[in-house]
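The values are calculated or read from the model by the stated rules, or taken from the named source; none is laboratory data. Predicted model, so just to flag it, every value in this text is computed and none were measured. Backbone-built Cβ (ideal geometry, glycine too); neighbour counts: all protein chains shown. Note: accessible area is taken over every heavy atom of the protein model, side chains too, but ligands, DNA and RNA are not part of it. Shrake-Rupley method; radii C 1.70, N 1.55, O 1.52, S 1.80 Å.
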Amino acid sequence: MTPILSIQDLRKSYAGGFEALKGVSLDIHEGEILALLGPNGAGKTTLISTICGITTMTSGQVSVGGHDIVHDFRAARSMIGLVPQEVNLEPFEKVWNTVRFSRGLFGKPRNDALIEQILRKLSLWDKKDSTIKELSGGMKRRVLIAKALSHEPRVLFLDEPTAGVDVELRKDMWDIVAELKADGVTIILTTHYIEEAEAIADRVGVINHGELLLVEEKSALIARMGQKQIEVQFGEPLGAVPASLARHGLELGQDGQSLIYTYDTQAERTGITTLLNDVAQAGLVLRDVQTRQSSLEDIFVGLVSDRKPANRPGEMQ
Ligand SMILES: Nc1ncnc2c1ncn2[C@@H]1O[C@H](COP(=O)(O)OP(=O)(O)OP(=O)(O)O)[C@@H](O)[C@H]1O
Ligand SMILES: [Mg+2]
């Protein structure tokens, strides 16, 4: 299948020589939701701005729906919707006009019924005659989303669409994303809320220092990088890991009454049966057993810092 968005060796150096993108290559398929994760300054907005033609690339090739974003700019751009990270609306314009004019800018014929539908979906209908400056911050974010949807894009970029918005808008946004996906729209979003990526993305990309560290199916990523832990609780304090259990590489739990065993979910043998046998042999009385799996957040923190996530048992969910 031909990707709807193809990025090849994309590089961007800002004036002054700072290299914000160091050769990013990525293919995105139609109808997929990709979440881009990365710390502040990683290059997420630069990547999106470059694809959307707001920033010019230093080198590389990008095509949207087969249209090169440089040579075939107009065709590529008409397929793209962008919800920018920064609010950039005209304060004295009315909500209705802001959204309607945006559709016109992309050369689409007037369609008031569609604009009404979008405004209703985003709970902005009763604000349609308000000027932008009369709106709250969250409402302005909704207008940005409405604008981006006004010309019915096939590829939608959401650059931190839920930063600083309330739970309701976040849920609305997730619903809108699900509806758009059902219509075959491709969505690329950046977020600092990892649970958001976990909830809605098909694939997850991690970017840091202008480099794409990985792009992988979310479920495969969690299965591949995730580690599981089993915590065995006892009825009385242990003081230390018993010598007869040393070979299992256990840690003593914080309360001193439990032992924590970390194992690889992909391994052929987890070692749990042997461990429990040895526990019984040692004459220890089991009170409870719990398991925990590392989350996308643990994996992400492990990738962008030098620490290994699975070695921080106390922080696992
Ligand atoms: N116009 C610019 N001129 C010079 N440097 C810039 C410019 N825009 C961004 N940068 C630099 O490029 C790097 C990447 O910035 P970018 O905005 O792409 O990061 P980001 O991943 O979107 O971060 P955040 O999560 O904070 O939004 C940063 O070091 C930033 O300072
Ligand atoms: Mg950004």
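Compare Thr291, Thr274, Thr50 by solvent-accessible area with a 1.4 Å probe and give them largest first, with all protein chains kept in place.
Thr291, Thr274, Thr50
What is the gain in length, in nm to one decimal, between Lys108 and Asn40 on full extension, counting 0.36 nm per residue of separation less the C-alpha to C-alpha distance?
Taking Lys108 through Asn40 to full extension adds about 20.9 nm, to one decimal.
I'd like the accessible area for Thr2, computed on protein heavy atoms only with a 1.4 Å probe and all protein chains in place. Round to 10 Å², please.
My reading of the accessible area for Thr2 is about 120 Å².
Using the alpha-carbon centroid of each, what span in Å lies between the range 1-77 and the range 265-283?
Here the two parts' Cα centres lie 48 Å apart.
If you stretched the chain out fully between Thr131 and Val285, how much longer would it get, using 0.36 nm times the residue separation minus the C-alpha to C-alpha distance?
48.5 nm
With a cut-off of at most 16 other beta carbons within 10 Å, and DSSP calling the residue loop, which trypsin sites (Lys or Arg not before Pro) in the range 216-305 qualify? Please list them.
Sites meeting the loop and neighbour criteria: Arg269.
Please identify every one of the trypsin sites (Lys or Arg not before Pro) in the range 64-113 that sits in a loop by DSSP and has no more than 10 other beta carbons within 10 Å of its own beta carbon.
Of the trypsin sites (Lys or Arg not before Pro), the ones in loops of the range 64-113 whose Cβ has at most 10 other Cβ atoms within 10 Å are Arg110.
Between Asp264 and Asp9, what length comes free when the chain is fully extended (0.36 nm per residue of separation minus the Cα-Cα distance, one decimal in nm)?
88.4 nm
Sort Thr191, Thr45 from largest to smallest accessible area, using a 1.4 Å probe on the heavy atoms of the protein chains.
The ordering from most to least exposed comes out as Thr45, Thr191.
Roll a 1.4 Å probe over the protein heavy atoms and report the accessible area of Glu134 in Å², nearest 10.
120 Å²
Near Lys121, which lysines are there with a Cα under 30 Å away, not counting those fewer than 8 places off in the same chain?
Leaving aside lysines fewer than 8 places away in the same chain, those within reach of Lys121 are Lys44, Lys94, Lys108, Lys133, Lys140, Lys147, Lys171, Lys181, Lys218.
Just to be sure I understand the rule: take each whole DSSP H helix in the chain, project its Cα atoms onto its long axis, keep it if the span is 15 Å or more and its mean Kyte-Doolittle hydropathy is at least -1.0. Which ones pass?
95-105, 137-149, 167-182
Probe radius 1.4 Å, ligands and nucleic acids left out: which of Glu211, Glu268, Glu236, Glu160 has the largest accessible area, and how do the rest follow?
Highest to lowest solvent-accessible surface, that is Glu268, Glu236, Glu211, Glu160.
Using a 1.4 Å probe, how large is the accessible area of Leu119, given in Å² and rounded to the nearest 10?
0 Å²
Modelled label-to-label distance, Asp68 and Arg247, 7 Å Cα→beta-carbon offset: nm?
6.4 nm
Taking chymotrypsin sites (Phe, Trp or Tyr not before Pro) as candidate sites, keep only those in a DSSP loop with at most 12 other Cβ atoms within 10 Å, then name the longest stretch of the chain containing none of them.
93-317
How many angstrom lie between the C-alpha centres of the range 78-155 and the range 215-257?
Result: 50 Å between the Cα centres.
Less than 13 Å Cβ to Cβ from Val95, Lys/Arg counted +1 and Asp/Glu -1: what total charge do the surrounding residues give?
+4
In a Debye calculation with equal point scatterers on the alpha-carbon sites of the range 5-223 and no solvent, what is log10 I(q)/I(0) at q = 0.18 Å⁻¹?
Each listed q maps to, in turn, -1.38.
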